[in-house]
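These notes are about the structure you will find just below.
The values are calculated or read from the model by the stated rules, or taken from the named source; none is laboratory data. All values derive from a computational prediction rather than experimental measurement. Please note: Cβ atoms are built from the backbone with ideal geometry, for glycine as well, and neighbour counts cover all protein chains shown. For the accessible areas, the whole protein counts, side chains as well, though only heavy atoms, and no ligand, DNA or RNA atoms are used. Shrake-Rupley method; radii C 1.70, N 1.55, O 1.52, S 1.80 Å.
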Amino acid sequence: MRKAIIIPVYLRLKGLEELHELEGLRLVKRAIESINLLKDKDFTLILPVCFDPWQSNEKILFQLESFFREEIRPLKSQKTLIFSSFRLKDLREYLIQKNFRDFNSLIDLKGFSKIRNTALLLAQALSMDVAVFIDFDEIIEDSNYLEIACEYLNQKWNGKLVSGKGGFYINPNGSILISFQNPWWRFFWNKNKLMNQVWQKILSSEDRLVPTPMLLGGNLILSSTLFSTIPFDPYIPRGEDTDYLINASQLGFYLLFDKKLRVKHLHPERTSSYFHEELQMDIERFLYERDKLKEGLTLNLNPYPGYFLKWTLYPKAILTSILISLDYMGRMEWKEAVECLANIGLLLQKKDEVWVRYLRFKRDWEMVMEKIRQEGMGDLLKNCWI
């Protein structure tokens, strides 16, 4: 079995000199060091790297990639491929040459779904049988993680073929349940409480593999049969992991939660703007998912994200946006307060044919993946190895 561990990397910076001390660089180096603890060394490490610099031109992107490569080089103990924003133009040119011009515009490294899709195109080009996603703010602590990740994949469980799996995040304090103090403005938007209900139900199951209404993208295992057929939805702004579960389930694939599959999540400290940005993207994603589910759904999404996919999303979003805006006003953070009120306008936007548009992208995805399976990518990746 040919295995790829994929760590999507996001690096936003205001100057070239800033890269040396960038928090994101420290995090990805820590993640790679943890991977070196694995007993199973037979894998390829794929690092799709999104540089979001102060200005974007070829010279700067090349300098950023060169510096990143030299920082990562001493850490690697296995085959490592770095595909950064500097290389993106080559991939797009390849897709144009293969007559996938329309599809080409949706391939990018900016955006949670798009960077994952780009990584899966690379995994297909390398003939990988399984793609293992972890996030760059996580570490692996179990040396048997890769064996656990591949167990039961492409095997029958309760009469159905397991095409993918998800696993837990371990918090810094060693717990799985999220410890939180809900600010008063979150009265109608208690995501953490609902997510804990999902984890408690999974943990209480006697089975190791458990049906789930949600997945975590930083601990996600996809078989090649699955990822060559089902792409991440490039149109969804957030929650691409659970959306992937919904799409795959609707199209006949079986993904389960593996209680033994665990990584430690050590995210950086949240900034003051994080919560209102998260709220905005959550409103957008739940509205988007509601439109998608108008086509019908057989997967039980309760309690989360199902709680936010009912008609009551509208009053909950309005009230929460007003409350968090008042909270910012109380701290005299006027810009954030206005941005939160602007969330209400999101509820007035209409999205048509969400599911049909995704299926159109999926059709193109399958054709691209088949072309890559047959022909590879030629010399496109030869300069990406370190």
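Key figures for this structure:
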read-out: Members of segment 331-351 that are without any contact (Cβ under 8 Å) to a residue 24 or more places away in the chain and either of a type outside the set (A, V, I, L, M, F, W, C) or surrounded by 15 or more Cβ atoms within 10 Å (Cβ to Cβ) (or both); value: 331, 335, 337, 341, 345, 350
read-out: Enumeration of residues in segment 62-83 that are surrounded by fewer than 19 Cβ atoms within 10 Å (Cβ to Cβ) and not basic (Lys, Arg); value: 62, 63, 66, 67, 70, 71, 74, 75, 77, 78
read-out: Residue 163 being surrounded by fewer than 18 Cβ atoms within 10 Å (Cβ to Cβ) and polar (S, T, N, Q); value: no
read-out: Inter-residue pairs, beta-carbon under 6 Å, first outside any helix (DSSP H, G or I) and in segment 93-105, second surrounded by 12 or more Cβ atoms within 10 Å (Cβ to Cβ), 6+ apart; value: 98/371; 100/368
read-out: Pairs with Cβ under 7 Å, 6+ apart, first in segment 300-317 and open to solvent by 40 Å² or more (accessible area, probe 1.4 Å), second in a loop (DSSP other than H, G, I, E, B) and not charged (D, E, K, R); value: 300/213; 302/213
read-out: Filter result (touching a residue at least 24 places away in the same chain (Cβ under 8 Å) and either part of a loop (DSSP other than H, G, I, E, B) or within 19 Å of residue 279 (Cα to Cα) (or both)) within segment 173-206; value: 176, 183, 184, 185, 186, 187, 188, 189, 191, 194, 195, 205
read-out: Qualifying residue in segment 208-219 (condition: assigned to a helix (DSSP H, G or I) and surrounded by fewer than 16 Cβ atoms within 10 Å (Cβ to Cβ)); value: no
read-out: Residues located in segment 363-382, provided they are surrounded by fewer than 16 Cβ atoms within 10 Å (Cβ to Cβ) and either at positive phi or not hydrophobic (A, V, I, L, M, F, W, C) (or both); value: 363, 366, 370, 373, 374, 375, 376, 378, 379, 382
read-out: Only listed residue being open to solvent by less than 60 Å² (accessible area, probe 1.4 Å), closer than 30 Å to residue 165 by Cβ and either at pLDDT 95 or above or out of contact with any Asp or Glu (no Cβ under 7 Å at 6 or more places or on another chain) (or both), chosen from 325, 321, 249; value: 249
read-out: Pairs, first in contact (Cβ under 8 Å) with a residue 24 or more places away in the chain and assigned to a strand (DSSP E or B) in segment 116-135, second open to solvent by 20 Å² or more (accessible area, probe 1.4 Å) and among the small types (Gly, Ala, Ser), C-beta under 7 Å, six or more apart; value: 130/224
read-out: Single residue of segment 95-132 satisfying the filter (under 14 Å from residue 375 (Cα atoms), crowded, with 19+ Cβ neighbours inside 10 Å and out of contact with any strand residue (DSSP E or B) (no Cβ under 7 Å at 6 or more places or on another chain)) that is modelled with the lowest pLDDT; value: 95
read-out: Boolean, residue 156 is of a type in the set (D, E, K, R) and buried (at least 16 other Cβ atoms within 10 Å of the Cβ); value: no
read-out: Members of segment 2-21 that are of a type in the set (A, V, I, L, M, F, W, C) and touching a strand residue (DSSP E or B) at 6+ places or on another chain (Cβ under 6 Å); value: 4, 5, 6, 7, 9, 11
read-out: Yes/no for residue 236 being surrounded by 20 or more Cβ atoms within 10 Å (Cβ to Cβ), within 30 Å of residue 350 (Cα to Cα), touching a Lys or Arg at 6+ places or on another chain (Cβ under 9 Å) and at pLDDT below 95; value: yes
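Matching residues to (1) free of Cβ contacts under 8 Å to residues at least 60 places away in the same chain; (2) acidic (Asp, Glu); (3) assigned to a helix (DSSP H, G or I):
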residue	(1), (2), (3)
24	no, no, yes
30	no, no, yes
42	yes, yes, no
46	no, no, no
61	yes, no, yes
77	yes, no, no
80	no, no, no
86	yes, no, yes
91	no, no, yes
